[in-house]
Amino acid sequence: MRSSIDAAAIDALCDELTQALRAAGYVVGQVVVAPRDRQTFLQTGQLHFTVFEGKVGAISLSNTSRVADDELRKIATGALCPNGVGDQCTLTSARLERAQLLLQDLPGVHLNQTTLSPQGVGVGQTSVGINVESNRPLVGGYVGLDSYGNPATGVGEFNAGVTLTNLFHEGDVIQAAGLVTNRRERAGSLAVSVPVNHQGLRAQAGYSHTMYSVPEVNSSGNADTVNVGLSYPLVRELDRNWTLSGDGLDTRSRQEVNGMQAFATREIGAGRVTIAGNAGDRPIYLDQSYWSGSLAWMAGAVAQDLQGAQDVTGQLGGFNKFNLNGLGKLKLNSSDWYLLANLQLQYATSNLDSSQKLAIGGQNGVRAYRPDEGSFDSGAVVSFDLRRSIPMPNGDQLSVGPLVDYASGVVNKREYSNWQTMDGYSDPTLGNHRKIAGWGIAADYVSPHGYSANVAWSRRFGDSPDSVNHPGSAQNRFLGSVSMKF
């Protein structure tokens, strides 16, 4: 035995074991046979290996971003060494990957190459060097035009927003956005997101206000919504991500006719729990097939003083709804062709307020139909886009291809007398279960310089029913948008 294993064979065996150790996730792990153990082997035939798992002896930071050094160091230390730096902290690929991605998730932060060095630390230890720079200015924003609006309140929409990133040097984001339509509907929102701890937990809070008017019927209204929430990355890896979030909202809406309040204020209070996942960052970086999805449960209540009248709609009181959303991108034969699939599925246990229903027309529904085509308490909307990506000489990307949309579901969980008129449909014989579908062609243009454009034409399938309230409008529908980030 001793004569068949020489020094070269021992070195080769150590290399093989070291590779196996690193493949198991020990990034800088190493297996060696010390000189004393080599001598013992020659004398007794017993071979002793020493395993260095690879400890984190120090974490250094080079930072030119707007996030404070202390915040970045705490995030890196918490992910790499939950029990502190030193011999109690083993460097593993899972911990290193999570630390890198949590740092990368901070708004305005770009993580450069992480270095591992034995300099300045003890035997069996490594120094982890983190290099961070800014990838977003303090002030940024966007402007855009689109034709996605509701015809009653304005098809043409002008929207703009401003974002303050790391104003307080903590990974914080403050966003203000506004929208104006060609019929003078106005909406605005303010949102704030801040880290709560150094393990990826974030808090969000927002406020939005919407005002609209319909001159044809001398009607106007407004709504105010406040929401707060928390989110936490349960799994943060290059090849998969899972995030758990919870949020609550309170909406109060009012309506006036001829300048007088038509109904008492309507209030919706609800809480929601969401689990969301995706295929990770690697498929995006490498332009591979990709998926993302979420499952959410919302429980809430709708309140309104009917001044002694009966709630014939069944919308007041408690409600529960469940939403399953999925998006997939499938690369076809490693070519420039790919297939996009989008699923929106909703199930409600009772009749819902209009703001909680699943819209079936417009940009996010069956695109051949107007945004005011209707909505479901329970149902599904599915879209497929087959695209070919065409690179432009200047580095921009154009993608063109056909599309198919389909929606099926029930307008009300429970039908009630004269619901068609109460829900705003012009056909008093409309069935509660509806199916609509359309096809068309779409094109997207995206530039790395921050501007983008989208245009789509679609029409309903021959056996899909015509628009309920606007016959003929589903024959030729054009949607478009342009936007620019700065």
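Taking segment 215-237 as the range and being of a type in the set (A, V, I, L, M) and modelled with pLDDT of 95 or more as the test, the residues that pass are ALA223, VAL226, VAL228, LEU230, LEU234, VAL235. Residue under question is LEU345, and the condition is that it be farther than 23 Å from ALA270 by Cα and either out of contact with any strand residue (DSSP E or B) (no Cβ under 8 Å at 6 or more places or on another chain) or in the same structural domain as ARG272 (by TED's automatic domain parsing) (or both); does it hold? Judged against the criteria, LEU345 is not a match. Annotation: of all residues in segment 72-86 being within 11 Å of GLN199 (Cα to Cα) and over 24 Å from the mean Cα position of the chain (by Cα), the one that is surrounded by the most Cβ atoms within 10 Å (Cβ to Cβ) is LEU80.
I'd like the full set of residues that are on the phi < 0 side of the Ramachandran plot and surrounded by fewer than 13 Cβ atoms within 10 Å (Cβ to Cβ), limited to segment 285-311. TYR285, LEU286, ALA301, ASP305, LEU306, ALA309, GLN310, listed by residue number. Identification of strands (runs of 3 or more DSSP E) wholly contained in segment 87-166 with 1 or more residues that are β-branched (Val, Ile, Thr) and surrounded by 18 or more Cβ atoms within 10 Å (Cβ to Cβ) yields 109-111, 125-134, 157-165. Within segment 23-45, can you find the residues that are outside any helix (DSSP H, G or I) and either buried (at least 17 other Cβ atoms within 10 Å of the Cβ) or free of Cβ contacts under 8 Å to residues at least 60 places away in the same chain (or both)? Result: ALA24, TYR26, VAL27, VAL28, GLY29, GLN30, VAL31, VAL32, VAL33, ALA34, GLY45. Among the candidates SER426, SER417, SER452, which residue alone is closer than 22 Å to VAL155 by Cβ and loosely packed, with under 15 Cβ neighbours inside 10 Å? Only one candidate qualifies: SER426. Scanning segment 87-99 for residues that are in contact (Cβ under 8 Å) with a residue 24 or more places away in the chain and within 25 Å of the chain's Cα centre (by Cα), we see that the one that is nearest to ASN166 (Cα to Cα) is ALA99.
A quick yes/no check of all residues on (1) surrounded by 14 or more Cβ atoms within 10 Å (Cβ to Cβ); (2) under 22 Å from TRP419 (Cα atoms); (3) aromatic (Phe, Trp, Tyr):
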site: ARG254; (1), (2), (3): yes, yes, no
site: ASN258; (1), (2), (3): no, no, no
site: ASN320; (1), (2), (3): yes, yes, no
site: ASN323; (1), (2), (3): yes, no, no
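Can you tell me which of VAL180, VAL192 is assigned by TED's automatic domain parsing to the domain that holds GLU216, within 30 Å of GLY480 (Cβ to Cβ), at pLDDT 95 or above and surrounded by 15 or more Cβ atoms within 10 Å (Cβ to Cβ)?
On the way: VAL192 fails: within 30 Å of GLY480 (Cβ to Cβ).
Residue meeting the stated conditions: VAL180.
All conditions but one from (1) under 19 Å from ASP281 (Cα atoms); (2) under 26 Å from the mean Cα position of the chain (by Cα) apply to SER134; the one that does not is (1).
Checking the conditions here, which among ALA68, ALA20, ALA79 is without any contact (Cβ under 8 Å) to a residue 60 or more places away in the chain and of a type in the set (Gly, Ala, Ser)? Just one listed residue meets the conditions, ALA20.
The combined condition, being among the β-branched types (Val, Ile, Thr) and surrounded by fewer than 16 Cβ atoms within 10 Å (Cβ to Cβ), is not fulfilled by ILE436.
The values are calculated or read from the model by the stated rules, or taken from the named source; none is laboratory data. What you see is a predicted model, and the numbers here were worked out from it, not measured in a lab. Ideal geometry is used to build each Cβ from the backbone, glycine not excepted, and the neighbour counts take in all protein chains shown.
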